[in-house]
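Student: Quick one: the structure is below, and I'll ask about it shortly.
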Amino acid sequence: MGAVTDDEVIRKRLLIDGDGAGDDRRINLLLKSFTKWCHSPGSPEEGFTQYQRMLGTLAQCEFSMGKTLMVYDMNLREMENYEKIYSNIEQSIMSAHDKIGECKKEIQRAKRIRKNRQEYDALAKVIQQHPDRHETLKQLEALDKELQQLSHIKENVDAKLELRKKQFHVLLTTIQELQQTLEIDEKSDSDDHSQESPAGNGE
């Protein structure tokens, strides 16, 4: 089946609308009437009447043709309009694709920002769990002072302990010396008593 031409489309449309019905028949009748009029041996009155009829039929054909041309022009304008609309739709589709691509990029950037923010929040929580540098330095200073105080206390305790050791040593030495003195005194008394005993026996 061959391709349908624009004229055939217009002709079918006119036949469907009812505006073009009978044009072919009217033209055929006009040709037959013209041929008959040319070869008719009738009177001039009959020839003139037939001539007027042909003019009327020709006017109807011209009017129908004018309507057909108007419809054809209108269809051309509609086709041009449809082409413009189609071109605008294509541009809109391309623009929509571009916007979709930009939106995807924005979504990826938003995901990265959200991930970085989550990591930052997690890191901030970890940092908040530990004291800051200033607070840490204060704690270290307090510990250093406490260590110094404990060191002084230890030195005092060590000094007192050393003094007690010396005092105990002196005490032990004194006791030993006293014990030796007592032992010497006891021995001396014993010797004196032994010397006095024989003299008494002689008397």
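Bear in mind that the values in this text are calculations on the coordinates, not laboratory data. Computed from a predicted structure; not experimentally measured. Here the Cβ positions follow ideal geometry from the backbone for every residue, glycine too, while neighbour counts run over all protein chains shown.
Student: With a/c under 1.5 counting as rounded, go ahead and sort region 42-144 into rounded, prolate or oblate using the C-alpha gyration tensor (a ≥ b ≥ c being the square roots of the eigenvalues; past the cut-off, prolate if a/b is larger than b/c, else oblate).
Tutor: On the way: a/c = 15.54, a/b = 11.87, b/c = 1.31.
Here region 42-144 falls in the prolate category.
Student: Semi-axes of region 92-152's equivalent ellipsoid from the Cα gyration tensor, sqrt of 5 times each eigenvalue, largest first, rounded to whole Å? Mind dumping the intermediate values first?
Tutor: Values: eigenvalues 656, 10, 4 Å².
Each semi-axis is the square root of five times an eigenvalue, giving 57, 7, 5 Å.
Student: Once label points are set 7 Å from the Cα along Cα→Cβ at both residue 141 and residue 185, what is their separation, rounded to one decimal in nm?
Tutor: That separation, rounded to one decimal, is 6.6 nm.
Student: Moving on to the next point. Within region 117-191, how many Lys pairs that are eight or more residues apart, or on different chains, come under 27 Å at the alpha-carbon?
Tutor: Details: 125/138; 138/154; 145/154; 145/160; 154/165; 154/166.
For region 117-191, qualifying lysine pairs total 6.
Student: Rounded if a/c is under 1.5, else prolate if a/b beats b/c, else oblate: with a ≥ b ≥ c from the C-alpha gyration tensor eigenvalues square-rooted, which is region 113-194?
Tutor: Details: a/c = 18.02, a/b = 6.84, b/c = 2.64.
Note, shape of region 113-194 comes out prolate.
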